[in-house]
Amino acid sequence: MRVGVGITGASGTIYAERLLVRLLGAGERVESVAVVFSRNGRAVAQHERPAFFGWLDEQVRAGRIVEYRNDDFFTPPASGSAGYDAWVVVPCSMGMAGRIAGGVSDDLLSRAADVMLKENSPRRPRTLILCPRETPLSLVHLRNLTALCEAGAIVLPAMPAFYSAPQTLEEAVDTVVERILAHLGLLPTGYVGWQE
């Protein structure tokens, strides 16, 4: 499976960080991992999780993750023929959700999401997961998220579950990350569902 992760300027970089760690730990089930930061994504991530960049740079140097510039349309994520199986936008800002819902592909991340929607078919399923991290939601937000669902995206809000009694911030974040992995068909060993 080829997976891309988009990181926008919404608060919640830890969700992307924890997802990337889990994708790299999925072994042969994940063939490649790509990352794209939105215009504001890198600045917010630097503010929230500065140590994340040291780890990310190590993975890029080791060839475990490919990072693409958001202004470079001459890269594989911009083309349906590149064969990505899924893109996860986490955290997903309402601005990015609105651009994707409106078909405005003005940067690589919104284009990669658009590719997932347009290339999705029963013969070759493509998955787009958007993890909004915003509250409260305005009517504009709700309409954009509805349009995205109608277009085939999975809207998976970054809302931790508490029935597994998480004891740390990371454990709470992982309840969302594990839902993402489940929708990617990468359900991890030890996943605790309702009343399990």
Under 10 Å, Cα contacts only: if you run a Gaussian network model on the chain, which one of Ile129, Ile65, Ile100 comes out with the highest mean-square fluctuation?
Ile65
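Once you have the Cα-Cα distance between Phe162 and Arg42, take 0.36 nm times their residue separation minus that, and quote the gain in nm to one decimal.
Extra length available between Phe162 and Arg42 comes to 40.3 nm.
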Please compute the volume of the convex hull spanned by the alpha-carbon atoms of the chain and report it per residue in Å³.
127
If amide H atoms are built 1.01 Å from N in the plane of the peptide, which residues on other chains or at least 5 residues away come under 5 Å of the amide H of Leu187?
none
Accessible area expressed per residue, segment 1-88, with surrounding protein chains retained (probe 1.4 Å, Å²)
46
What number does segment 36-127 give for Rg over Rh if you use C-alpha atoms and the Kirkwood radius?
0.98
Got a sec? What order do Leu117, Leu181, Leu169 fall in by accessible area at 1.4 Å, biggest, i.e. largest, first?
Leu169, Leu117, Leu181
In Å², nearest 10: area of Arg133 left accessible to a 1.4 Å probe:
80
Table column - 3J(HN,Hα) (Hz), segment 44-50, Karplus curve with 6.51, -1.76, 1.60, x for Gly and Pro:
5, 4, 4, 5, 7, 9, x
Cα-based convex hull, segment 94-180, per residue volume (Å³, whole number)
116
Could you give log10 I(q)/I(0) at q = 0.12, 0.21, 0.22 Å⁻¹ for segment 1-70, computed by the Debye formula over C-alpha point scatterers of equal weight, without solvent?
-0.28, -0.86, -0.94
Förster-model FRET efficiency, 30 Å R0, Ala172 and Glu67, C-beta, rounded to 0.05:
0.65
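Do you know the relative contact order of segment 1-69, to the nearest whole percent, from alpha carbon pairs under 8 angstrom that are 6+ apart?
40
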Would you kindly state the longest site-free stretch of the chain, with sites defined as chymotrypsin sites (Phe, Trp or Tyr not before Pro) in a DSSP loop (not H, G, I, E, B) surrounded by at most 13 other Cβ atoms within 10 Å?
75-161
Scaled by the rule-of-thumb 2.2 N^0.38 Å, the alpha carbon Rg for segment 68-109 gives a ratio of 1.18
In segment 103-175, which GluC sites (Glu not before Pro) are in a loop and have at most 14 other Cβ atoms within 10 Å, using DSSP for the loop call?
none
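The values are calculated or read from the model by the stated rules, or taken from the named source; none is laboratory data. Computed from a predicted model, the values in this text were never measured in an experiment. Using ideal geometry, Cβ is built from the backbone for each residue, glycine included, and neighbour counts are taken over all protein chains shown. When the accessible area is computed, the model is the full protein with side chains, heavy atoms only, and any ligands, DNA or RNA have been set aside. Shrake-Rupley method; radii C 1.70, N 1.55, O 1.52, S 1.80 Å.
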